[in-house]
Amino acid sequence: MIKSPSPLCILYGSATGNAEHIAKDLAEKYNKLIQSSPDTCYFPSVICGEMDEYKKKKCPTYWDTEPEVAGTKHGLIIVTSTTGNGDVPENAGRFVRYLKRKTTAPLQPFKHCAFAVLGLGDTNYDQFCNTGKAVDKKLHELGGMRVKDLGMADEATGLEEVVEPWVDSILDDITESCRRSSSSTSTEKEESPIAYKPANENLTNGTNEAEAKTSSKSVAPQADVSKTLTQKTVSAESNSSPPEKSAALNTTANAQSTTVTKSVTSGDATFTTKSPSPLCILYGSATGNAEHIAKDLAEKYNKLIQSSPDTCYFPSVICGEMDEYKKKKCPTYWDTEPEVAGTKHGLIIVTSTTGNGD
C-alpha cells in the first residue's frame with residue numbers, strides 16, 4: 001500500500017475558537033485512526049496549528065517537495081472564519097499574505113498539494129465567507145488540487161447543514177485524492193455553482209463579513225461558529241460582548257431517591273436505586289468556555305462511573321450542544337416517568353450570552 005511521505009496538514013484561522021475546535025477534532029480523529037489501524041492510514045501523522053504557524057510547522061517543506069510516487073499529493077485542510085468587515089482572522093493573516101506573494105501562478109507552487117477549505121460565516125453580511133473563498137481560490141490558482149467544493153457554513157440557515165457532511169467525509173476524500181494517480185487529476189472538482197460563485201475577492205482587503213452578531217454602531221467579528229466532529233458550536237460572538245468568565249469546576253453530583261439524597265462524589269454511598277436514564281449536560285457557547293465547563297463536568301462524572309460505579313446514580317453521561325437535544329435523544333428521557341416513584345431525570349445547562357443579550 002502506498003503511504004504518504006508527509007503528514008496531513010490541518011490549519012485553522014479562528015477568532016473565537018470554533019474553527020480551531022473543528023480543526024483540532026479532525027486532527028484528533030485521524031490520530032486515533034493512526035493508533036488503531038496504522039496500516040489503513042495514508043498519512044503517517046498529522047500537523048495541526050494556526051494558519052500563521054505554517055512555517056513553524058514546516059508545512060512549505062512538504063508542499064514544495066514532489067512526492068516520490070508519481071501522481072500522489074501532499075494533503076492540506078484549511079478551516080477558517082472571517083472577521084469584521086471581511087477581514088482575515090488575526091492568526092491567519094501571515095498565511096494569507098504568503099499566498100498573495102505567490103504571484104507566479106504559471107509555476108504552480110502548490111501543484112504537489114491536494115487541499116480542501118471549510119469557511120464559517122453568516123449571510124446576514126454583505127460578503128459571505130470571504131476568507132474561505134479567497135484562500136480556496138488562491139490555492140487553486142497556484143496549482144493545488146481541490147479535493148471538494150469549498151464548504152461555506154452559514155449561521156443564518158444552520159451551520160450544521162454544511163459542517164456535518166463536510167467534516168464527516170473530508171478525511172476519506174483527501175486520502176483518496178492524495179493517493180490517486182496523476183491521470184485522474186483532470187477530474188478534479190471545480191467550484192460548484194450551488195456551493196458558491198467566485199467573486200472578486202481580494203486577499204489584502206477583506207470584504208464585509210462578520211463573525212458574530214453586531215450592533216448598528218459597532219463592527220464586531222463574524223460568527224466563527226461551527227460544529228465539532230462529535231458536537232458543534234452554532235453560536236455567534238460580538239467583539240463588544242465580554243468573554244465568558246471561566247468557572248472553577250467545583251461540582252458535586254447529587255442523586256435523589258424517593259426518600260433520601262446521597263452524595264455521589266463522596267464515594268461513601270452505594271445506590272440501590274439507579275437512574276434508568278443518563279445525566280444530560282448541555283451547553284450554549286460562543287467562545288468555548290461554557291463548552292469546556294460542560295465537557296469537564298461530563299469527564300468528571302465519567303471518571304466516577306469508571307472508578308466507583310456503585311456510588312453513581314446515573315449510569316452514563318450525555319454531553320453536547322443545547323441545539324443537539326433531539327439528536328442526543330434527551331426528550332426521550334425527559335418525557336418518560338421514572339419507574340421508581342419520586343425519582344427524577346438529571347439535566348445540567350451551562351450557557352453564555354452573546355451580543356446584546358443574544
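The values are calculated or read from the model by the stated rules, or taken from the named source; none is laboratory data. Source: prediction; values computed, not measured. Positions of Cβ are generated from backbone atoms using ideal geometry, with glycine treated the same way; all protein chains shown enter the neighbour counts. The protein model used for the area step is the full one, side chains on, heavy atoms only, and it has no ligands, DNA or RNA in it. Shrake-Rupley method; radii C 1.70, N 1.55, O 1.52, S 1.80 Å.
Quick notes
- Inter-label distance, nm, simple model (7 Å from Cα along the C-beta direction), Lys344/Lys111: 6.8
- Mean accessible surface per residue for the stretch 1-59, computed with a 1.4 Å probe while every protein chain stays in place, in Å²: 44
- Relative contact order (%) - criterion: Cα under 8 Å, at least six apart; region: the stretch 2-135: 31
- Excluding ligands, DNA and RNA, the accessible surface per residue across the stretch 279-351 is 52 Å² with a 1.4 Å probe.
- Cα centroid of the stretch 278-309 to Cα centroid of the stretch 94-139, whole Å: 37
- Element breakdown for the stretch 8-179 at a 1.4 angstrom probe: carbon and sulfur atoms account for 45% of the accessible area.
- Between Tyr283 and Gly320, Glu321, Met322, Val350, the built amide H atoms are under 5 Å apart, and every one of these is 5 or more places off in sequence or on another chain.
- Pairs spanning more than 18 Å between alpha-carbon atoms, out of Lys111/Lys148; Lys102/Lys137; Lys56/Lys133; Lys100/Lys137: Lys56/Lys133.
- For trypsin sites (Lys or Arg not before Pro), the sites in the stretch 291-358 that DSSP calls loop and that have at most 15 other Cβ atoms within 10 Å are Lys326, Lys327, Lys329, Lys344.
- Taking label positions 7 Å along the Cα-Cβ direction at both Lys3 and Lys32, the computed distance is 2.3 nm, reported to one decimal.
- Whole-number percent relative contact order across the stretch 132-181, with pairs defined as alpha carbons under 8 Å at least 6 apart: 29
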